[in-house]
Amino acid sequence: MANQEIARRRTFAIIAHPDAGKTSLTEKLLLFGGQIQVAGAVKSNKIKKTATSDWMDIEKQRGISVTTSVMEFDYHDYKINILDTPGHQDFAEDTYRTLTAVDSVIIVVDGAKGVESQTRKLMEVCRMRNTPVIIFVNKMDREAKDPFDLLDELEEELVINVRPLTWPIESGPRFKGVYNIYEQKLNLFQPSKQVVTEKVEVDIHTEDLDNHIGTPLAEKLRSELELIEGVYPEFNVDDYLKGELAPVFFGSALNNFGVQELLDCFVEIAPSPRPVQAEERIVMPEEPKFTGFVFKITANIDPNHRSCVAFCKVCSGKFTRNTPYLHVRHNKTMRFSSPTQFMAQRKTTVDEAWAGDIIGLPDNGTFKIGDTLTEGEILHFKGLPSFSPEMFKYIENADPMKTKQLNKGIDQLMDEGVAQLFINQFNGRKIIGTVGQLQFEVIQYRLENEYNAKCRWEPLSLYKACWIESDDPAELEAFKKRKYQYMAKDRDGRDVFLADSGYVLQMAQMDFKHIKFHFTSEF
Ligand code: G4P
């Protein structure tokens, strides 16, 4: 029973550069899962959601989705968990962390634009973890790049081998459909938002194909397929599972075209929950005892209750409601009476969840990103690194009467992983590091609205913050002495070097050969 439950789970994220079609694809997948009945539901939900959750006016103003939500649905015998990721690049770190909780990803690429900056960055995170990826080339109903050029671009830019499993016949106004190489079926394009197109079984070597798409296109398709078979090796599921080979699908999410092929292949080949590495040992999903970790904390989903939800990925065994579990960092037993699961924006209380599932735990400041829950074992899951921030500012108290509120607010926002806090060892000032400008605005807004505290930012020009360590204590001390103005501590008390330029960092690396400079907090 346990093994069956776990084997039928598929937990993944859709990642894309903003506007490539992530929302449209998510919506169509939910349509197949019967979670929503009409196209447009996800979008309209998005609007409704922002209207009710006014804590994030910023979200409304900028039309971005700040929070990562989870959607689950059943498809045939499979239980599918989609982890949504914020599209805005200033929230990239949120997305990085979400990627630590998935077993595979689908990358959406705009057929006309090809690989864009955000896609490239997110793929780097997938590569770090050997996450299996499937690529969906979207918007084929618009004029797209040549598919062979696109495949070359995908290989080069995403540094992964690719293998097309469907093949487009033209694009834009001439778009005729896709040929499913896998099933050897022709899928003719009709613009539509709901209907699943009829698939025609066609032997491409017969005139049948000519009758459907005309002789010139039929001949072109035959020669292109021949070329594909010649150039690209057979699709090998093992290579895909190792994160070395990405199957590629073509279609149009808006028109619900090519999406079912993608979904059918996805459930068949995508991995069920994978083993998870903890500092102490590897945890297998089929182990009978429950373990899980918090990868995301979202504040105030319900504006009437100023509470947080901690998203916990179940790594092994079965989670049961109202059962005592160990919060490892606090060494404290906790019970959860109202854990939630999410179905296309609806929340329901769950009684049990299996490895691969994501559960929402009500949180009033007890959780921090990376916290582990177990049935008693001391475990620390790896793979939730903080990345070296790219923007820095001093944070100052703008209302001296509210110092306590400010400190509490900063602490909790850092626990949520909104940004990183460093204390400059030279002047004792607090530095906030983020990956984007927007986070400073979010922090200021939330400090005012949730903690009744006011902050002021002071500019600070830094290039990078890197964690340092060394086996040579004397050299480490010498370094810290020399760079005393640029030394800081992170929240865990680790040494951080604040380099104000790339040149300074390079020189430091050359002068201090026995010091290791790390650009993520996990080393
Ligand atoms: P995102 O979540 O990745 O940011 O992308 P989203 O799905 O919101 O899509 C971005 C825009 O691209 C939307 O248009 C959407 O309708 C359009 N789009 C998505 N898939 C396709 C496709 O297959 N073909 C075509 N032609 N367009 C597609 P918009 O104008 O920004 O929004 P809307 O007014 O359509 O809602």
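The values are calculated or read from the model by the stated rules, or taken from the named source; none is laboratory data. Predicted, not measured: the structure shown is a model, and the values here were computed from it. Cβ sites come from the backbone with ideal geometry, for glycine too, and all protein chains shown count toward neighbours.
Taking the residues in the range 124-141 that are in contact (Cβ under 8 Å) with a residue 60 or more places away in the chain and part of a helix (DSSP H, G or I) as candidates, determine which candidate is nearest to the ligand (Cβ to nearest atom). First the steps, then the outcome.
Start the filter on the range 124-141 by keeping residues that are in contact (Cβ under 8 Å) with a residue 60 or more places away in the chain, which leaves 126-127, 129-141.
After this cut, where a residue has to be part of a helix (DSSP H, G or I) as well, the list is 126-127.
Working: Cys126: 17, Arg127: 21 Å.
Filtering first and then ranking leaves Cys126.
Per the conditions (1) farther than 30 Å from Pro275 by Cα; (2) touching a Lys or Arg at 6+ places or on another chain (Cβ under 9 Å), the sole criterion not satisfied by Met140 is (2).
Taken together, the residues in the range 18-34 that are within 11 Å of Ser252 (Cα to Cα) and in a loop (DSSP other than H, G, I, E, B) amount to 2.
Filtering the range 110-121 to residues that are aliphatic (A, V, I, L, M) and either touching a Cys at 6+ places or on another chain (Cβ under 9 Å) or within 12 Å of the ligand (Cβ to nearest atom) (or both) leaves only Ala112.
A quick yes/no check of all residues on (1) farther than 28 Å from Gln277 by Cβ; (2) of a type outside the set (A, V, I, L, M):
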residue: Arg429; (1), (2): yes, yes
residue: Gln437; (1), (2): yes, yes
residue: Leu460; (1), (2): yes, no
residue: Lys483; (1), (2): yes, yes
residue: Lys489; (1), (2): no, yes
residue: Ala499; (1), (2): yes, no
residue: Gln506; (1), (2): yes, yes
residue: Met510; (1), (2): yes, no
residue: Lys513; (1), (2): yes, yes
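Residues checked against (1) farther than 19 Å from Lys296 by Cβ; (2) among the aromatic types (Phe, Trp, Tyr); (3) touching a Pro at 6+ places or on another chain (Cβ under 8 Å); (4) part of a strand (DSSP E or B):
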{"residue": "Ala353", "(1), (2), (3), (4)": "no, no, yes, yes"}
{"residue": "Ile359", "(1), (2), (3), (4)": "no, no, yes, yes"}
{"residue": "Thr403", "(1), (2), (3), (4)": "yes, no, no, no"}
{"residue": "Leu406", "(1), (2), (3), (4)": "yes, no, no, no"}
{"residue": "Phe422", "(1), (2), (3), (4)": "yes, yes, no, yes"}
{"residue": "Glu441", "(1), (2), (3), (4)": "yes, no, no, no"}
{"residue": "Arg446", "(1), (2), (3), (4)": "no, no, no, no"}
{"residue": "Glu450", "(1), (2), (3), (4)": "no, no, no, no"}
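Being under 22 Å from Phe519 (Cβ atoms) and either more than 23 Å from the chain's Cα centre (by Cα) or surrounded by fewer than 16 Cβ atoms within 10 Å (Cβ to Cβ) (or both) holds for only one residue in Glu450, Glu458, Glu469, and it is Glu469.
Yes/no per residue for (1) under 21 Å from Ala253 (Cβ atoms); (2) buried (at least 22 other Cβ atoms within 10 Å of the Cβ):
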residue: Thr95; (1), (2): yes, yes
residue: Ile106; (1), (2): yes, yes
residue: Val109; (1), (2): yes, yes
residue: Lys113; (1), (2): yes, no
residue: Glu116; (1), (2): yes, no
residue: Met128; (1), (2): no, no
residue: Pro132; (1), (2): yes, yes
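Restricting the search to the range 240-261, which residues are in contact with a Leu (Cβ under 8 Å, 6 or more places away or on another chain) and closer than 14 Å to Ile135 by Cβ?
Just the residues of the range 240-261 that are in contact with a Leu (Cβ under 8 Å, 6 or more places away or on another chain), to begin with: 246-249, 251, 253, 256, 259, 261.
Listed by number, the residues that qualify are Ala246, Pro247, Val248, Phe249, Gly251, Ala253, Val259, Glu261.
Taking the numbered list (1) at pLDDT 95 or above; (2) surrounded by 16 or more Cβ atoms within 10 Å (Cβ to Cβ) in turn, Lys220 passes all entries but (2). Scanning the range 482-506 for residues that are among the small types (Gly, Ala, Ser), surrounded by 15 or more Cβ atoms within 10 Å (Cβ to Cβ) and part of a loop (DSSP other than H, G, I, E, B) returns no hits.
Only one of the numbered conditions (1) out of contact with any strand residue (DSSP E or B) (no Cβ under 9 Å at 6 or more places or on another chain); (2) of a type in the set (Gly, Ala, Ser); (3) assigned to a strand (DSSP E or B) is not met by Gly292, and that is (1). For the range 6-28, filtered to residues that are surrounded by 20 or more Cβ atoms within 10 Å (Cβ to Cβ) and away from the ligand (no atom under 12 Å from the Cβ), the residue that is farthest from Gln260 (Cα to Cα) is Ile6.
Results for (1) touching a strand residue (DSSP E or B) at 6+ places or on another chain (Cβ under 6 Å); (2) touching a residue at least 60 places away in the same chain (Cβ under 8 Å); (3) more than 16 Å from the ligand (Cβ to nearest atom), shown as yes or no for each residue.
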residue	(1), (2), (3)
Glu229	no, no, yes
Val248	yes, yes, no
Leu254	no, yes, no
Gly258	yes, yes, no
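Among residues of the range 260-280 being charged (D, E, K, R) and in contact (Cβ under 8 Å) with a residue 60 or more places away in the chain, the one that is farthest from the ligand (Cβ to nearest atom) is Glu280. Residues that are within 16 Å of the ligand (Cβ to nearest atom) and in contact with a Gly (Cβ under 8 Å, 6 or more places away or on another chain) do not occur anywhere in the range 152-162.
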